[in-house]
Structures are given as C-alpha cells and as structure tokens.
Amino acid sequence: MATTTPNFGWTVPTSTDLVKDGATAIETLGDGVDASFVGLKGGTTGQILSKTSGTDLAFTWIAPPSGAGITFINKTDFTASNAVNVNSVFSTTYDNYRVMVVGASTTASALTASFKMRVGGADTSSNYNSQRAYFISTTVGAAADPAGTDELYIGDFGTTSNKNSVANLDISSPFLTTPTTFTGVNFSVVNSLVLTGGTQKDSTSFTGLSLLFDQTCTGSVYIYGYAKA
C-alpha cells in the first residue's frame with residue numbers, strides 16, 4: 001500500500017506493494033515532484049529566484065534588485081597611455097561612485113596620477129582643490145593642492161617590474177548640480193601610501209572623468225555605483 005513522504009506529502013510505494021501498485025505510486029511521485037518544482041522552470045540569464053509567498057516551494061524568477069549594494073558599471077583598459085577618458089558613467093541612477101584604478105608605469109620610473117571631471121566628452125580644467133597625506137617608506141608628510149587647481153591628485157604608481165599599484169576613489173555627487181567631492185587611498189608597490197581628498201567646486205552635472213599620468217601607464221579603471229538606499 002502506498003504511503004507519503006514526511007515533508008512534502010508525495011506518494012511513494014512501500015516495500016510490500018505489488019509491482020503494479022509500486023509502478024503507479026512511482027508515477028504519482030514523479031507527477032507530485034514535477035508539480036512542486038514548476039516554479040523553478042523558466043527564467044533567463046541574470047535573473048534570481050524569489051519567494052512569492054510563505055508556502056513551501058513558492059518561487060518565481062525576477063531581475064536582481066537594482067538598488068542592492070554596489071553595482072558594476074564600466075571597465076576601461078588602457079595601454080601605455082598618458083590620458084584615459086571614461087565617458088557616460090555618471091547618471092541619475094546613482095549619487096555616489098567607487099572608482100578603482102589598477103596600473104603600472106611603462107617607463108623605468110614611477111608616475112604620478114591625477115584626474116579631471118568631464119561632461120559632454122570634454123574635461124573641466126579649473127576650480128579644483130585637493131589635499132594629501134603621504135607615507136613613503138619611513139617618510140611622512142602632507143601637501144595642499146598637490147596637483148594644482150586644474151585637476152585632482154590620485155597618487156603614485158610603480159613600474160611594471162614591480163607589478164600593479166592600485167587607487168580606490170569614492171566620488172560623491174558627480175551627476176548632481178552641486179560641487180563634486182572625493183576621498184581616496186592609493187598604494188604603490190614602491191612602498192608609497194597616499195591618502196587624498198578634494199573637490200571640484202562647480203555645480204556641474206558631470207558624466208565622466210579622465211585619468212592623467214605624467215608618464216605612460218598601462219592598466220584598467222573600474223567604475224561602480226553605490227545604491228541610493
């Protein structure tokens with residue numbers, strides 16, 4: 001005589017069932033499992049499963065929530081470049097952004113990196129100010145406006161023989177019509193640690209940025225958006 005499973009109540013045969021009864025129970029079991037998991041069918045690339053109710057196995061496929069955590073926006077690779085333009089990455093979708101620059105000087109010595117804000121495919125080259133604190137081996141110091149008032153200082157990048165250096169920048173409100181501010185940390189594999197921050201004082205809605213290097217650099221820049229809530 002057929003029985004049922006303890007959790008989902010699917011009909012299964014028992015050890016004393018006749019062969020014909022067991023086959024019927026197995027067919028019933030298959031139909032029950034098929035019906036229970038029908039919510040897992042379908043979906044498309046990038047979707048995730050979501051509960052539709054508190055009922056067991058009540059699922060549907062949905063797009064990932066757009067406001068969760070931090071979202072990848074863009075990656076730009078560059079080779080032996082003095083300037084890298086990254087356009088159309090700031091928008092109304094996010095107020096705040098993370099920019100990660102990974103790279104190395106392609107010449108025999110370390111390089112200095114900075115950036116400018118862009119709108120409409122053109123750099124803005126005035127009304128900047130920044131501050132840095134630096135730790136180079138055992139030397140500690142600080143400087144105001146280390147890149148002048150026409151760009152914002154990021155830090156230093158070592159040579160390819162020392163592999164990649166990295167800088168992480170948090171940029172606040174670039175697309176809003178308010179001054180744009182940033183804070184950053186940069187570590188160069190030539191034992192240089194830089195803490196930096198600054199502002200572009202115009203109330204401009206910027207859509208991108210440009211990276212500037214005083215020597216040629218090879219690497220990548222990644223742009224992420226922080227969720228608004």
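Within the option set ASP34, ASP77, ASP17, being assigned to a loop (DSSP other than H, G, I, E, B) and not basic (Lys, Arg) holds for one residue only, ASP17.
Out of everything in region 156-197 that is on the phi > 0 side of the Ramachandran plot and under 23 Å from the mean Cα position of the chain (by Cα), what residue ends up being surrounded by the fewest Cβ atoms within 10 Å (Cβ to Cβ)? Ranking the qualifying residues of region 156-197, first place goes to LYS163. For LEU209, the conditions (1) touching a residue at least 60 places away in the same chain (Cβ under 8 Å); (2) surrounded by fewer than 21 Cβ atoms within 10 Å (Cβ to Cβ); (3) within 25 Å of the chain's Cα centre (by Cα) are fulfilled apart from (2).
Residues that are of a type in the set (Gly, Ala, Ser): find the strands (runs of 3 or more DSSP E) completely inside region 89-169 holding 3 or more of those.
Numbers: elements: 96-105, 111-119, 128-136, 139-144, 152-157.
Where strands (runs of 3 or more DSSP E) fall fully within region 89-169 and carry at least 3 residues being of a type in the set (Gly, Ala, Ser), they are 96-105, 139-144.
Restricting attention to region 146-155, the residues being among the charged types (D, E, K, R) and buried (at least 16 other Cβ atoms within 10 Å of the Cβ) number 1.
Can you go through ASP21, ASP17, ASP31 and tell me which one is surrounded by 11 or more Cβ atoms within 10 Å (Cβ to Cβ), at pLDDT 75 or above and either at positive phi or among the acidic types (Asp, Glu) (or both)?
Details: ASP21 fails: at pLDDT 75 or above; ASP17 fails: at pLDDT 75 or above.
Among ASP21, ASP17, ASP31, only ASP31 is surrounded by 11 or more Cβ atoms within 10 Å (Cβ to Cβ), at pLDDT 75 or above and either at positive phi or among the acidic types (Asp, Glu) (or both).
A search for C-beta distances below 9 Å between a residue of region 37-51 that is closer than 21 Å to PHE72 by Cβ and any residue that is of a type in the set (Phe, Trp, Tyr) and assigned to a loop (DSSP other than H, G, I, E, B), counting only pairs 6+ apart in sequence or on different chains, returns nothing. Checked against the criterion of being surrounded by fewer than 17 Cβ atoms within 10 Å (Cβ to Cβ) and free of Cβ contacts under 8 Å to residues at least 40 places away in the same chain, the candidates ALA133, ALA80, ALA108, ALA122 yield just one match: ALA122.
Each row is one residue, and each column tells you yes or no for (1) modelled with pLDDT of 85 or more; (2) of a type in the set (S, T, N, Q); (3) surrounded by 13 or more Cβ atoms within 10 Å (Cβ to Cβ).
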position	(1), (2), (3)
ALA25	no, no, yes
GLY42	no, no, no
ILE48	yes, no, no
ALA63	no, no, no
GLY69	yes, no, no
LYS75	yes, no, no
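The values are calculated or read from the model by the stated rules, or taken from the named source; none is laboratory data. If you're wondering where the values come from, they're calculated on a predicted model, not measured in any experiment. FYI the Cβ positions are ideal-geometry reconstructions off the backbone, even for glycines, and counts take in every protein chain you see.
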